[in-house]
Amino acid sequence: MAILKKGDSVKVKAGILDPDYNKYDMSDWQGRILSVEKDDEEGELLYEIQWDSITLESMPDEFITNSISEGCDYSSMILGESELIETGVRDRLGDVEQLKKIIEEAHFWDDYGEQGNRIKAVLSQCEDPFNLYYTWFGYLEDNLEIPCKVIYKGDPSRELKYGGVIEITGILDCDDLKGVIGCGKTNRKTVNFPLCDVKPETVTSRNQALEDYTVWFANQ
């Protein structure tokens, strides 16, 4: 094989498994060389490969999820020269960046563990993004045990003080800007407030649905 350099296109030889999990078949995965260095112990040249858009599109979803959850970069990998074959370019760098944006949006919640899985499950139930607040409304109605005490974290008002305790007594409606609206009691007064502005005193199975919603709202 000719000496490879930065910018060259390469593909993985048949039968090579990923080095991190030793599980995913990388045969014919293809990309561009980002950098080259020598393995001091083995003496072999090591190549950092940025996967092309076609490889990224066909990459196992589980591999991407596992990589993100463990803080690894799914879009590149270091491999030895014995594992690679020189090949021709089959896409543009712009295609790679465009596809990475799509992948990262789809996998945004992978870092959030079980909570991320619950949030993704809620989002998957909504076919129309304009009805997303109402999807959360239904999730909260089904999963939030009321009454429950929360801490107000929104802008202070005549009835609501920052850090004040509210007892949620119901879920009222949805607002285009403020999301799901709840009602409750504080200092013997009945108040309405956006649920995105409150936080459970202590997160438990009884109120984790509210925590899911507020985390999603803050990151949407």
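Restricting to the stretch 36-58, count the residues that are without any contact (Cβ under 8 Å) to a residue 24 or more places away in the chain and closer than 24 Å to E104 by Cβ. Walk me through how you get there before you give the answer.
Of the residues in the stretch 36-58, the ones without any contact (Cβ under 8 Å) to a residue 24 or more places away in the chain are 37-38, 40-41, 43, 58.
Next, only the ones that are closer than 24 Å to E104 by Cβ stay: 58.
Selection size over the stretch 36-58: 1.
State whether the residues of the stretch 176-187 include one that is loosely packed, with under 14 Cβ neighbours inside 10 Å, touching a Lys or Arg at 6+ places or on another chain (Cβ under 7 Å) and not aromatic (F, W, Y). Before you say what the answer is, go through the steps one by one.
Taking the stretch 176-187 and keeping what is loosely packed, with under 14 Cβ neighbours inside 10 Å, we get 176-177, 187.
Narrowing the set further to residues that are touching a Lys or Arg at 6+ places or on another chain (Cβ under 7 Å) leaves none.
Looking for residues that are loosely packed, with under 14 Cβ neighbours inside 10 Å, touching a Lys or Arg at 6+ places or on another chain (Cβ under 7 Å) and not aromatic (F, W, Y), one finds none in the stretch 176-187, hence no.
Looking at the stretch 5-35, which of its residues are part of a strand (DSSP E or B) and either surrounded by 15 or more Cβ atoms within 10 Å (Cβ to Cβ) or touching a residue at least 12 places away in the same chain (Cβ under 8 Å) (or both)? I'd like the intermediate steps shown before the answer.
Here is the first cut: in the stretch 5-35, the ones part of a strand (DSSP E or B) are 9-12, 17, 25, 30-35.
Across the stretch 5-35, the qualifying residues are S9, V10, K11, V12, Q30, G31, R32, I33, L34, S35.
Out of all the residues in the stretch 81-90, is one or more under 15 Å from D18 (Cα atoms) and small (G, A, S)?
Pass one, the stretch 81-90, residues under 15 Å from D18 (Cα atoms): 81-84.
Going one step further and asking which of them are small (G, A, S), we end up with 82.
Yes, because at least one residue in the stretch 81-90 is under 15 Å from D18 (Cα atoms) and small (G, A, S).
Counting only residues that are within 17 Å of G88 (Cα to Cα) and in contact with a helix residue (DSSP H, G or I) (Cβ under 8 Å, 6 or more places away or on another chain), how many does the stretch 1-27 have?
Summing the residues that are within 17 Å of G88 (Cα to Cα) and in contact with a helix residue (DSSP H, G or I) (Cβ under 8 Å, 6 or more places away or on another chain) in the stretch 1-27 gives 4.
Answer yes or no: is there a residue in the stretch 130-143 that is at positive phi and either modelled with pLDDT of 95 or more or not small (G, A, S) (or both).
The first filter runs over the stretch 130-143 and keeps only residues at positive phi, leaving none.
So far as the stretch 130-143 goes, no, none of its residues is at positive phi and either modelled with pLDDT of 95 or more or not small (G, A, S) (or both).
Looking for whichever is buried (at least 18 other Cβ atoms within 10 Å of the Cβ), part of a loop (DSSP other than H, G, I, E, B) and among the charged types (D, E, K, R) here; the options are D73, D91. Which one fits?
D91
The values are calculated or read from the model by the stated rules, or taken from the named source; none is laboratory data. Just so it is clear, the model here is predicted, and its values are computed rather than measured. Please note: Cβ atoms are built from the backbone with ideal geometry, for glycine as well, and neighbour counts cover all protein chains shown.
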